[in-house]
């Protein structure tokens with residue numbers, strides 16, 4: 001099943017077909033070839049395996065209620081992860097995205113409680129989220145501060161701002177009633193549908209648009225992209241703005257879904273899982289190569305793992321242990337596979 | 001095209017100190033000079049990638065100000081950079097169309113990959129460049145194939161002035177013959193060219209005129225017909241000897 005899905009998506013393999021191997025184990029070999037050629041292959045295989053495992057262990061795994069829980073967990077990881085793909089393809093990273101996700105509902109709340117109509121308050125919050133991205137981008141590009149450090153700075157700045165401005169107290173998120181609430185977060189499938197829409201948007205942007213090609217080019221070889229006349233700095237800044245915007249958007253949806261906001265939540269806890277999703281999905285940290293599809297599958301896998309461990313009655317915190325083990329295994333596999341791929345090309 | 005009194009410095013390093021250079025229509029001009037003499041910097045200024053500290057550039061007797069590579073392209077100036085300016089992770093056709101993509105849906109600028117592939121195949125066939133697969137990543141190609149793609153990219157859009165920074169570097173005999181033929185073909189079609197190369201045999205075979213650049217200035221301007229490889233070699237070697245001698249004297253003073 002995994003194999004069929006992969007070869008259907010495999011448009012035209014870049015490698016010339018090796019001569020047929022007679023008398024050798026055909027299945028492991030073709031699986032290996034697949035894993036080398038398609039960067040998403042590893043995570044697809046592991047995901048399918050985990051679905052089979054958990055569905056055998058717990059009959060409630062396939063229940064609608066459980067699937068809703070799962071997709072609500074997956075939605076923000078998928079979207080922020082797709083945003084991180086834009087960063088990683090540029091050989092940058094945004095650690096503040098999780099904090100933007102947490103801060104934008106507070107922006108909304110502050111303006112709303114100050115008398116601004118809810119719709120307008122949300123619009124302002126989204127603009128402010130995008131502005132955080134702009135700050136990240138300009139510091140990285142203009143002042144040449146590594147994005148890891150810049151976004152660590154904005155992460156802590158806005159974490160502190162929220163703590164102080166909220167007076168360390170939880171608040172109720174407005175907009176949780178009626179059709180508005182249903183569309184923007186409360187409806188069972190609301191966040192995942194918005195998530196799929198935003199992720200698809202990022203996929204089209206990265207893989208189908210001129211802007212995306214310029215982004216990949218800038219991450220692949222910055223000087224060459226500049227020599228070809230691509231405005232590499234502007235491309236980078238826009239990517240920082242886009243990830244901040246989508247993170248802020250998902251943050252508002254999730255706060256409406258949950259109904260309240262806790263100022264003590266840390267954006268760092270939130271941003272790391274999407275980065276893991278992107279990385280185990282097959283996106284390289286070195287720039288120039290990225291897969292949004294792999295990130296989506298990576299997010300689904302993490303969602304299945306988190307939920308699956310829960311329903312088979314494993315203590316919740318084991319999730320972190322397994323997440324750690326999976327990072328190590330997946331990354332080691334990816335490094336080995338790309339070395340193998342490089343060898344096969346020569 | 002004409003460049004007058006072009007100067008450029010990078011921090012404390014003076015790359016160009018008042019270069020004057022002209023390129024007649026349909027002419028092939030060769031630039032000769034040691035590493036670090038300023039040849040590549042000059043090319044990067046003429047193509048709009050770098051801005052000169054002083055001096056002016058004229059195209060067809062009109063002064064022009066290039067703020068980007070795009071501005072220069074608008075005048076039909078195309079470049080093959082020394083580093084080729086290819087993106088290793090992108091495919092052959094994506095590189096060929098980089099920053100000149102064929103798109104649809106107007107402002108959304110979605111890529112028309114099918115059209116780019118077809119145009120790329122057609123164009124590479126026209127100029128007889130052989131690439132195994134348009135879908136292969138440039139990373140997987142040989143040095144010569146990469147060079148051919150870089151040249152093909154620069155010539156695809158009816159360039160009037162072509163700047164070639166070491167177009168034959170790191171190429172086998174067969175591959176450089178192919179590029180030489182490509183360059184001659186373009187020259188016959190009336191494209192003006194500036195070629196940087198360290199191999200005098202290549203330059204004498206390709207160029208109408210030669211300029212020697214030494215320490216950021218054009219020191220010799222001669223028609224190819226009026227000089228010889230021996231004369232040019234002697235000129236460069238004697239300059240090198242002078243520098244060597246000056247260096248030894250300076251060293252002598254320090255140790256004394």
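For region B:192-205, which residues satisfy the criterion of being over 23 Å from residue B:36 (Cα atoms) and surrounded by fewer than 21 Cβ atoms within 10 Å (Cβ to Cβ)? Step through it out loud before you land on a result.
Taking region B:192-205 and keeping what is over 23 Å from residue B:36 (Cα atoms), we get B:192, B:205.
If the condition is that a residue be over 23 Å from residue B:36 (Cα atoms) and surrounded by fewer than 21 Cβ atoms within 10 Å (Cβ to Cβ), then B:205 is the only one that fits.
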Restricting to region B:161-175, name every residue that is modelled with pLDDT under 90 and buried (at least 17 other Cβ atoms within 10 Å of the Cβ). B:166, B:167, B:168, B:171, B:175
Just one listed residue, out of B:83, B:53, B:71, is in contact (Cβ under 8 Å) with a residue 24 or more places away in the chain and under 24 Å from residue A:232 (Cβ atoms), and it is B:53
Given the conditions (1) over 18 Å from residue A:137 (Cα atoms); (2) at pLDDT 95 or above; (3) buried (at least 23 other Cβ atoms within 10 Å of the Cβ), every one holds for residue A:281 apart from (2)
Scan region B:73-96 for residues that are within 18 Å of residue B:161 (Cα to Cα) and more than 9 Å from chain A (Cβ to nearest Cβ) and jot them down. B:74, B:75, B:76, B:77, B:78, B:80, B:82
Of the conditions (1) under 23 Å from residue B:143 (Cβ atoms); (2) without any contact (Cβ under 8 Å) to a residue 60 or more places away in the chain; (3) not in a helix (DSSP H, G or I), residue B:95 satisfies every one except a single condition; which number is it? (3)
Condition (residue is under 30 Å from residue B:244 (Cβ atoms) and modelled with pLDDT under 90) applied to region B:40-55: is it met by at least one residue? yes
Hits in region B:110-119 - residues which are within 9 Å of another protein chain (Cβ to nearest Cβ) and loosely packed, with under 14 Cβ neighbours inside 10 Å: none
Tell me the helices (runs of 4 or more DSSP H) entirely within region A:206-322 that contain at least 2 residues that are within 14 Å of chain B (Cβ to nearest Cβ). A:210-220, A:222-227, A:232-258
Mind checking whether some residue in region B:120-135 is surrounded by fewer than 23 Cβ atoms within 10 Å (Cβ to Cβ), in contact with a helix residue (DSSP H, G or I) (Cβ under 6 Å, 6 or more places away or on another chain) and within 10 Å of chain A (Cβ to nearest Cβ)? yes
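The values are calculated or read from the model by the stated rules, or taken from the named source; none is laboratory data. The shown structure was predicted, so the numbers you read here are calculated from the model rather than taken from an experiment. Positions of Cβ are backbone-derived with ideal geometry, glycine not excepted, and every protein chain shown enters the neighbour counts.
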